[in-house]
1. Among Arg29, Arg51, Arg5, which is touching a strand residue (DSSP E or B) at 6+ places or on another chain (Cβ under 8 Å), modelled with pLDDT under 95, closer than 26 Å to Pro232 by Cβ and open to solvent by 40 Å² or more (accessible area, probe 1.4 Å)?
2. Tell me which of these Gly172 doesn't satisfy, since it passes every other one: (1) open to solvent by 20 Å² or more (accessible area, probe 1.4 Å); (2) within 20 Å of Pro232 (Cα to Cα).
3. Please work out which one of (1) under 20 Å from Ala214 (Cβ atoms); (2) aliphatic (A, V, I, L, M); (3) open to solvent by 50 Å² or more (accessible area, probe 1.4 Å) is the condition Leu141 fails and give its number.
4. Go through (1) closer than 19 Å to Ile8 by Cβ; (2) modelled with pLDDT of 95 or more; (3) of a type in the set (Ser, Thr, Tyr); (4) open to solvent by 10 Å² or more (accessible area, probe 1.4 Å) and name the single condition Thr120 misses.
5. Exactly one of (1) open to solvent by 20 Å² or more (accessible area, probe 1.4 Å); (2) modelled with pLDDT of 95 or more is unmet by Ser22. Its number?
6. Does Ser46 satisfy the criteria of being hydroxyl-bearing (Ser, Thr, Tyr), within 19 Å of Ser244 (Cβ to Cβ) and touching a residue at least 12 places away in the same chain (Cβ under 8 Å)?
7. May I ask you to verify whether Asp151 is of a type in the set (D, E, K, R), in contact with a Pro (Cβ under 8 Å, 6 or more places away or on another chain), open to solvent by 40 Å² or more (accessible area, probe 1.4 Å) and touching a residue at least 12 places away in the same chain (Cβ under 8 Å)?
8. For the stretch 75-102, give me the residue count where each residue is open to solvent by 60 Å² or more (accessible area, probe 1.4 Å) and modelled with pLDDT under 95.
Amino acid sequence: MSEQRGKIVFSSGTTNDYDLWSLDMATGRIVQLTHGKAWNDKPCWSPDGTRVVFTSNRQSKGQNLFWVSAEGGEPTALTNLDLWMDSPAFSPDGSKIAFISNEAGNNDVWVMDADGQNRTQVTRHEASDKHARWAADGRGLYFSSDRDDNDADIWYVDLSTGQTRQINQDGGLDISPTPSPDGQLIAFCSNRQLVADPEKPFADRDKDIWLMRADGTSPVRLTESQGADFNPCWSPDGTHILYSASDSKDVCHLRIVDVSEVVAAFASPDADAVHHAARRLRHTKVSYDRSEMQAEIGAQRHAIFLTSWIPDNWMKGVYPRGYFGQERNAHWVGAS
């Protein structure tokens with residue numbers, strides 16, 4: 001991984017026991033950031049890389065927002081409500097956090113100060129708004145919503161005016177919009193390549209990573225694997241995209257793809273250049289020593305004396321494939 005710099009943070013575990021881990025892309029050093037049996041998920045770095053905001057049910061029946069140091073430790077609660085909160089994201093200047101909440105009775109976009117104060121509702125619609133991410137200039141937020149045709153598309157809300165506009169309108173589920181560092185492109189997850197079932201508009205069909213201009217034009221598919229590819233994340237320099245790849249219900253690992261040629265092609269006057277570049281992409285699995293992560297998850301199994309004598313390799317065989325090292329919802333920050 002010497003060609004990559006910065007750190008990624010991701011969640012890994014099994015049902016009701018997910019923890020956060022950071023990985024130094026240059027050295028391969030991995031650090032466990034959270035501990036204990038709870039659902040810790042959806043991590044996002046602060047712009048300076050000193051802390052991570054995330055969702056967790058560690059202190060209540062709901063999903064609240066917390067932050068933890070880049071080196072781990074005891075998390076600090078930002079909210080304390082028995083509600084559902086999701087997809088927290090720091091603003092480009094680090095002063096605000098956007099997130100999804102049902103505090104007003106519906107899934108809407110909210111913003112608060114980075115210390116958890118001054119929660120402010122941004123969108124108000126009877127539809128379900130999800131996956132909020134900041135525009136590169138910090139003036140607005142991209143999010144996915146089914147408010148137009150009962151099939152999720154990507155929208156933008158201007159924070160100064162509160163006005164929303166629809167970015168795209170395509171068949172299928174378009175979610176997780178993630179602007180490039182320069183704000184010119186948006187990576188997102190979609191199952192639009194499949195024929196939609198009108199009776200099941202949100203069925204968990206095969207999903208891939210797509211890329212389009214920030215105005216919703218010129219969409220191109222970046223992945224074509226079987227199963228779900230989801231949660232795209234840009235490298236700090238805008239040349240790579242990191243994503244989670246689930247080849248089955250039991251296996252999910254992080255993969256990375258160099259999109260520098262595709263990004264350059266978007267600036268070309270040749271209308272076919274983008275698709276030609278996308279067909280030449282090579283995807284690689286993020287490689288690192290997973291033994292520490294596997295040991296932490298595996299340690300949970302031997303707490304009961306009746307199974308403490310069973311060898312590890314046999315115990316692994318009775319659990320679902322991928323129990324060791326489910327990796328998802330990664331976020332990338334530059335080297336400090």
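1. On the way: Arg51 fails: modelled with pLDDT under 95; Arg5 fails: touching a strand residue (DSSP E or B) at 6+ places or on another chain (Cβ under 8 Å).
Checking each option against the conditions leaves just Arg29.
2. Of everything listed in (1) open to solvent by 20 Å² or more (accessible area, probe 1.4 Å); (2) within 20 Å of Pro232 (Cα to Cα), Gly172 misses just condition (1).
3. Leu141 satisfies all of (1) under 20 Å from Ala214 (Cβ atoms); (2) aliphatic (A, V, I, L, M); (3) open to solvent by 50 Å² or more (accessible area, probe 1.4 Å) except (3).
4. The number of the failed condition is (1).
5. (1)
6. no
7. The answer is no for Asp151.
8. In the first step, residues of the stretch 75-102 are kept if they are open to solvent by 60 Å² or more (accessible area, probe 1.4 Å); the result is 80, 82, 84, 92-93, 96.
Narrowing the set further to residues that are modelled with pLDDT under 95 leaves 80, 82, 84.
Going through the stretch 75-102 one residue at a time, the tally reaches 3.
The values are calculated or read from the model by the stated rules, or taken from the named source; none is laboratory data. Note that this is a predicted model, so its numbers are computed, not measured. Reconstructed Cβ throughout: ideal geometry from the backbone, glycine too, with neighbour counts over all protein chains shown. Side chains are part of the model used for accessible areas, which takes the heavy atoms of the whole protein and leaves out ligands, DNA and RNA. Shrake-Rupley method; radii C 1.70, N 1.55, O 1.52, S 1.80 Å.
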